[in-house]
Amino acid sequence: MVSRVIPVENFDLVVFGGTGDLARRKILPGLFRRYAGGHIPDAARIIGAARAEMDDAAFRAFAGAAIAEFVDEDKRQGDMVERFLAHLGYVQIDATGERGWDRLKAAVRPEVVQAFYFSVAPTLFGELAERLHRFEIARPDARIVVEKPFGRDRETARALNATLASHFTEDQIYRIDHYLGKETVQNLMAVRFANILFEPLWNARHVDHVQITVAETVGVGGRGAYYDKSGAMRDMVQNHMMQLLCLIAMEAPYKFDPAAVRDEKLKVIHALQPVHPDEIVRGQYRAGRTEPAYAQDVDNPASTTESYIALKASIANWRWKGTPFYLRTGKKLRARASEIAVVFKEVPHSIFGEAEGWRENILSIRLQPNEGMTLSVMIKEPGPGGMRLTEVPLDMSFAEALGAEGADIPDAYERLIMDVIRGNQTLFMRGDEVEAAWAWVDPIIAGWEARGDRPKPYDPGSSGPEDALMLLHRDGRRWREIRE
Ligand code: NAP
């Protein structure tokens with residue numbers, strides 16, 4: 001299969017926070033992979049910016065070490081890494097200070113695409129935006145990329161939007177949600193809108209319910225202090241999971257373009273109904289045989305923050321009225337698995353009577369690991385013995401189906417950074433979308449805070465609290481098994 005990558009224009013990308021964890025694990029290795037793939041022009045430049053005292057050589061050494069750690073060896077052949085590192089430079093700068101900005105101005109070329117990646121704490125976004133503007137570094141069509149979290153409620157998100165808007169227009173702002181950069185997530189749109197097959201069934205008449213699961217095996221790790229102020233609802237549901245829900249539930253945009261796609265997602269968020277307290281289960285992992293409990297991990301014995309959440313969301317529109325969307329996400333669960341499962345209704349009448357082994361059709365969209373889709377269908381069990389039914393998967397593993405090219409699925413970050421350079425905002429969240437998502441989430445959080453709700457404990461390595469099972473049992477349904 002011939003690669004049809006649209007080449008990007010020449011660019012200068014400034015990575016504020018270029019020495020941080022995200023730059024080290026995702027941004028720099030991702031840029032290198034794009035370079036190795038031949039997608040970065042020869043004259044492009046990547047400029048790290050942070051307070052640490054460093055020269056270009058030290059930053060290149062830092063990036064080289066990150067690439068050695070996070071990029072497969074077969075991609076680092078020959079002098080590829082050296083050649084990539086030659087594109088890198090560094091400017092020492094304090095987002096809150098006045099020094100260094102003239103040097104940055106001299107380093108950024110006015111005649112190429114300019115992108116500024118804010119890979120720093122969100123409290124610095126305003127300071128950076130203001131200085132890029134005041135020091136006349138950013139051109140009127142320069143792009144800024146902002147990381148999550150985008151606010152911690154609607155009010156703070158609105159204030160952040162207003163701050164950014166005082167220096168940049170909406171079409172310059174790229175709010176990143178790396179879930180939207182995943183291959184499968186985009187394939188979800190391709191499957192829905194480039195095939196006639198699913199659309200007639202994609203509604204409450206034929207879909208019984210939808211399950212969206214993002215399960216992690218890790219705990220809060222080194223992010224304890226941040227996570228304890230956030231919790232699963234703010235950290236996962238308000239952004240990643242709501243984006244997935246939107247892509248499943250939205251109407252066909254009239255065109256695959258940023259305004260059209262984001263308008264349709266926004267309509268879904270507006271149609272989300274308030275969630276009744278009985279339809280939310282919050283959990284917190286307890287200590288395992290050898291592992292510490294959540295409260296120890298975050299060093300807060302009295303913590304009431306959730307490391308797990310399950311909830312039932314309802315969308316009040318013609319397409320989805322009556323089809324619940326069950327969302328669950330948590331840490332220290334039994335497997336690392338992210339999946340969207342569209343569970344179809346039973347056939348209206350079984351001509352096979354009470355056939356054993358009968359199951360509903362499920363379209364399962366795996367985000368990680370092994371990105372791909374599976375459609376479970378019923379067939380006759382082979383061999384003699386009458387009409388016995390069995391379920392088989394119609395498997396569409398992208399890596400297998402697309403051969404070598406499919407196996408080389410780009411990481412979400414690298415794809416999204418290239419979209420920034422191309423000036424394509426389709427896979428980024430618009431300001432009104434983020435605020436609308438918070439508007440749905442805020443009353444849910446306010447509700448449990450007012451009730452003094454305490455999360456239910458669950459065992460590490462389990463599927464989450466028992467009550468989460470009941471959430472579906474009550475509706476005569478059950479969660480899909482969490483497995484890799
Ligand atoms: P980090 O490891 O703490 O790195 C922060 C970076 O910002 C460092 O390069 C630091 O370098 C720089 N910095 C701090 N204060 C600065 C200042 N006043 N002026 C200029 N630079 C400054 O943080 P991170 O994990 O990379 O996260 C960066 C952003 O990405 C955050 O918004 C975070 O929420 C978001 N994010 C991170 C991840 C992840 O996996 N790490 C995932 C999702 C979102 P100096 O100290 O030398 O200045």
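What the table shows:
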{"quantity": "Selection count, segment 58-69, where residues are away from the ligand (no atom under 11 Å from the Cβ) and open to solvent by less than 50 Å² (accessible area, probe 1.4 Å)", "calculated": "5"}
{"quantity": "Hits in segment 225-235 - residues which are open to solvent by less than 10 Å² (accessible area, probe 1.4 Å), within 13 Å of the ligand (Cβ to nearest atom) and not hydroxyl-bearing (Ser, Thr, Tyr)", "calculated": "Asp235"}
{"quantity": "Count - residues of segment 442-471 that are open to solvent by less than 50 Å² (accessible area, probe 1.4 Å) and within 15 Å of Thr329 (Cα to Cα)", "calculated": "10"}
{"quantity": "Those residues of segment 37-56 which are open to solvent by 30 Å² or more (accessible area, probe 1.4 Å), modelled with pLDDT under 95 and either closer than 16 Å to Arg415 by Cβ or touching a Leu at 6+ places or on another chain (Cβ under 9 Å) (or both), in sequence order", "calculated": "Gly37, Gly38, His39"}
{"quantity": "Residue list for segment 77-91, restricted to those being surrounded by 18 or more Cβ atoms within 10 Å (Cβ to Cβ) and away from the ligand (no atom under 16 Å from the Cβ)", "calculated": "Val81, Phe84, Leu85, His87"}
{"quantity": "Members of segment 107-151 that are closer than 13 Å to Leu13 by Cβ and either open to solvent by 20 Å² or more (accessible area, probe 1.4 Å) or within 14 Å of the ligand (Cβ to nearest atom) (or both)", "calculated": "Ala107, Arg109, Phe116, Tyr117, Phe118, Ser119, Ala138, Arg143, Ile144, Val145"}
{"quantity": "Breaking point among (1) under 18 Å from Tyr308 (Cβ atoms); (2) in a helix (DSSP H, G or I), for Arg192", "calculated": "(1)"}
{"quantity": "The listed residue being more than 10 Å from the ligand (Cβ to nearest atom) and in contact (Cβ under 8 Å) with a residue 12 or more places away in the chain, out of Asp55, Asp72, Asp94", "calculated": "Asp55"}
{"quantity": "Meets criteria (touching a residue at least 60 places away in the same chain (Cβ under 8 Å), touching a strand residue (DSSP E or B) at 6+ places or on another chain (Cβ under 6 Å) and outside the structural domain of Asp257 (by TED's automatic domain parsing)) for Arg175", "calculated": "yes"}
{"quantity": "Residues of segment 236-261 satisfying the condition of being open to solvent by less than 10 Å² (accessible area, probe 1.4 Å), farther than 29 Å from Tyr226 by Cα and either touching a residue at least 60 places away in the same chain (Cβ under 8 Å) or not assigned by TED's automatic domain parsing to the domain that holds Trp320 (or both)", "calculated": "Ile248, Ala249, Val261"}
{"quantity": "So Arg282, is it open to solvent by 50 Å² or more (accessible area, probe 1.4 Å) and touching a strand residue (DSSP E or B) at 6+ places or on another chain (Cβ under 6 Å)", "calculated": "no"}
{"quantity": "Selection count where residues are more than 16 Å from the ligand (Cβ to nearest atom) and open to solvent by 60 Å² or more (accessible area, probe 1.4 Å), scope segment 6-36", "calculated": "3"}
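The values are calculated or read from the model by the stated rules, or taken from the named source; none is laboratory data. These figures come from a predicted structure and were not determined experimentally. So basically every Cβ, Gly included, is an ideal-geometry build from the backbone, and we count neighbours across all protein chains shown. These area figures cover heavy atoms from the full protein model, side chains too; ligands, DNA and RNA do not enter into them. Shrake-Rupley method; radii C 1.70, N 1.55, O 1.52, S 1.80 Å.
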